Amino acid sequence: MTFAYRDGVLHAEGVALDALARRYGTPCYVYSRRAVEQAYDEFASALQGRDASICYSVKANSNLALLSLLAHRGAGFDIVSGGELSRVLAAGGDPKKTLFSGVGKTSDEIGFALERGIACLNVESAAELERVRAVAFEKKRRAPIALRVNPDVDPRTHPYISTGLKENKFGVPYAEAEALYRRAAAAPELEVVGIGCHIGSLLLEPSPLVSAVQRIVQLVERLESQGIRLRHIDVGGGIGIRYKDESPRPIGEFVRSILAALGRRPETVVLDPGRAVVGNAGVLVTRVEYIKPGEARNFLVVDAAMNDLIRPSLYGAWHEIRTVREAPDAEALYDVVGPVCESADFLAKDRRLAAREGDYLAVMSAGAYAMSMSSNYNSRPRAAEVLVEGTEARLVRRREMVEDLFALERFPG
Ligand code: LLP
């Protein structure tokens, strides 16, 4: 177990979380190197023997230390902005193993990606195809492209994180993809290299992904019959993790189902997992500032807030909360809330927690879409990030200082 109690204290690998909280302050993100590597290796071993590429989805957690350790393990990257490309480059990632998705790439971002020799731009509309053409012409570079096709498959997940339905803004409609591929194949500025899709996040079992892959394979076959041959099929990310009592199928089972759906297709298979690699490799450690009993509800006011972890406020997401010092469940129910001036500022509701002022709590499953979605709302400096390896802990992002928050601001006069 990556996060487990030892002698009554919650540890990350071999390091006690209360010691980290005292050393680095709170709120503080703590990641386990071993957990990240194990999850990545599950993908790698399930893909062994198949021509495949694992492109870690940077948006899940873009800390340079994590990107660098994944790059060393052979990962490629799935990015959605010039900023993410710069992070990949800074971390020593290989642009030739990097795919650029997203519905709103600017000309500058497209140009930057082409200059750096990106593996593929995942084009999401006819208008974007024209833009990529124009930028490639101007840069005198042939742009490697794939279309991100919307397979119109219901992932049966939260509406905010489902992306492959007709009503979503993502991807090229399935029915229009063939014509657009013909247009791309005829353009000398473009090199058609692949096809992509991503139906949504937090999938607990492979069947929606299998349906999407089947639809994509049919399209690939039709393209092939018209002489359009692709080098890779990108099936996206979306494999879920356990937050509460869900039982997602193991990574290996997802991968085997995807490979089965691809059958004997010769193209390189690309997966771009985010959450499944880092989600359960991180926790957010926070301190109880006040206990506030109320008429209708009792509150534990902690020093982390929605600006540090927005998933509960934004999606109603459930994150397990543990006391860092092992304690029997309390009688009272608490809402765990932060200091931000919003009623939506809560990390958890109705939890039995035995905590006193000054105690530390760990918000579990906070490795993905946590720090990467953080903000400075209420002028709150962002939390520190710590990477644990065995019995060692290293600061991989220092806590922001208040001066960092207004360093870019100027008086008009
Ligand atoms: N590939 C593409 C094209 C994507 O859009 C995404 C995520 C991924 C891969 C990675 O998906 P994953 O394996 O992490 O499920 N903020 C939300 C999740 C948004 C996901 C957006 N796209 C959350 O906190 O649940």
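Residues in segment 60-73 that are surrounded by fewer than 19 Cβ atoms within 10 Å (Cβ to Cβ) and touching a helix residue (DSSP H, G or I) at 6+ places or on another chain (Cβ under 7 Å) were compared, and the one that is nearest to ARG264 (Cα to Cα) is ARG73.
Give me the residue from segment 195-220 that is at negative phi and assigned to a strand (DSSP E or B) and, out of that set, farthest from the ligand (Cβ to nearest atom).
For segment 195-220, the residue satisfying everything is ILE195.
The set of residues in segment 182-203 that are more than 29 Å from the chain's Cα centre (by Cα) and not aliphatic (A, V, I, L, M) comprises ARG182, ARG183, PRO188, GLU189. Screening GLU224, GLU246, GLU253 for residues that are touching a residue at least 12 places away in the same chain (Cβ under 8 Å) and either closer than 21 Å to ALA52 by Cβ or assigned by TED's automatic domain parsing to the domain that holds SER365 (or both) leaves exactly one candidate, GLU253.
Out of segment 2-30, which residues are at positive phi and either open to solvent by 20 Å² or more (accessible area, probe 1.4 Å) or of a type in the set (Gly, Ala, Ser) (or both)? Passing the criteria: ASP7, GLY8, GLY25.
Scanning segment 134-153 for residues that are within 24 Å of the chain's Cα centre (by Cα) and assigned to a loop (DSSP other than H, G, I, E, B), we see that the one that is farthest from the ligand (Cβ to nearest atom) is ASP152. Applying a threshold of 7 Å to beta carbon distances and a minimum spacing of six or more residues, or different chains, the list of pairs starting in segment 8-23 at a residue that is over 16 Å from ARG394 (Cβ atoms) and ending at one that is in a loop (DSSP other than H, G, I, E, B) and open to solvent by less than 20 Å² (accessible area, probe 1.4 Å) reads VAL9/VAL324; LEU10/VAL324; ASP18/VAL324. Considering segment 279-300, and only residues there that are in a strand (DSSP E or B) and free of Cβ contacts under 8 Å to residues at least 60 places away in the same chain, the residue that is most open to solvent (accessible area, probe 1.4 Å) turns out to be LYS292. Note on segment 321-340: residues that are surrounded by fewer than 17 Cβ atoms within 10 Å (Cβ to Cβ) and out of contact with any Gly (no Cβ under 6 Å at 6 or more places or on another chain) total 8. Identify, please: which residue in segment 255-273 is surrounded by fewer than 24 Cβ atoms within 10 Å (Cβ to Cβ) and outside any helix (DSSP H, G or I) and is, among those, nearest to the ligand (Cβ to nearest atom)? Only one residue fits best here, namely VAL269. Examine segment 341-355 for a residue that is surrounded by 14 or more Cβ atoms within 10 Å (Cβ to Cβ), out of contact with any helix residue (DSSP H, G or I) (no Cβ under 9 Å at 6 or more places or on another chain) and touching a residue at least 60 places away in the same chain (Cβ under 8 Å), and state whether such a residue exists. Looking through segment 341-355, at least one residue is surrounded by 14 or more Cβ atoms within 10 Å (Cβ to Cβ), out of contact with any helix residue (DSSP H, G or I) (no Cβ under 9 Å at 6 or more places or on another chain) and touching a residue at least 60 places away in the same chain (Cβ under 8 Å).
Out of segment 230-254, which residues are within 13 Å of the ligand (Cβ to nearest atom) and not in a loop (DSSP other than H, G, I, E, B)? Residues satisfying the conditions are ASP234, ILE239, ILE251, PHE254.
Within 16 Å of the ligand (Cβ to nearest atom), β-branched (Val, Ile, Thr), outside any strand (DSSP E or B) and not assigned by TED's automatic domain parsing to the domain that holds GLU246 - does that describe any residue in segment 309-319? Yes: one or more hits.
For the structure I just gave you, tell me whether ARG33 is among the charged types (D, E, K, R), crowded, with 19+ Cβ neighbours inside 10 Å and more than 14 Å from the chain's Cα centre (by Cα).
Spelling it out, ARG33 is indeed among the charged types (D, E, K, R), crowded, with 19+ Cβ neighbours inside 10 Å and more than 14 Å from the chain's Cα centre (by Cα).
Scanning segment 100-111 turns up at least one residue that is buried (at least 16 other Cβ atoms within 10 Å of the Cβ), under 23 Å from ILE241 (Cβ atoms) and touching a Leu at 6+ places or on another chain (Cβ under 9 Å). Which of the residues that make up segment 169-184 are away from the ligand (no atom under 16 Å from the Cβ) and not in a helix (DSSP H, G or I)? Answer for segment 169-184, where residues must be away from the ligand (no atom under 16 Å from the Cβ) and not in a helix (DSSP H, G or I): just PRO173.
Pairs are defined by a Cβ separation below 7 Å, a sequence spacing of at least 6 or placement on different chains, a first member in segment 230-243 that is closer than 14 Å to VAL217 by Cα, and a second member that is more than 9 Å from the ligand (Cβ to nearest atom) and open to solvent by 10 Å² or more (accessible area, probe 1.4 Å); the pairs so defined are LEU230/VAL192; LEU230/GLU267; ARG231/GLU267; ARG231/THR268; HIS232/GLU267; HIS232/THR268; ILE233/ARG265; ILE233/GLU267. Restricted to segment 29-98, the set of helices (runs of 4 or more DSSP H) holding at least 1 residues that are modelled with pLDDT of 95 or more and under 15 Å from LEU387 (Cβ atoms) comprises 33-46, 64-72. Figure legend. Inter-residue proximity from segment 199-214: first residues open to solvent by 40 Å² or more (accessible area, probe 1.4 Å) and at pLDDT 95 or above, second residues within 14 Å of the ligand (Cβ to nearest atom) and of a type in the set (Asp, Glu), beta-carbon distance below 8 Å, spacing 6+ or different chains. Indicated pairs: LEU204/GLU246.
When each of ARG50, ARG116, ARG87, ARG131 is tested for being outside the structural domain of SER375 (by TED's automatic domain parsing), in contact (Cβ under 8 Å) with a residue 40 or more places away in the chain and either open to solvent by 10 Å² or more (accessible area, probe 1.4 Å) or away from the ligand (no atom under 13 Å from the Cβ) (or both), the lone residue that passes is ARG50.
The values are calculated or read from the model by the stated rules, or taken from the named source; none is laboratory data. Fair warning: this is a prediction, and the values are worked out from it, not measured in the lab. Neighbour counts run over all protein chains shown; Cβ positions are idealised from the backbone, glycine included. We work out accessible area using only protein heavy atoms, side chains counted, and drop any ligands, DNA or RNA first. Shrake-Rupley method; radii C 1.70, N 1.55, O 1.52, S 1.80 Å.
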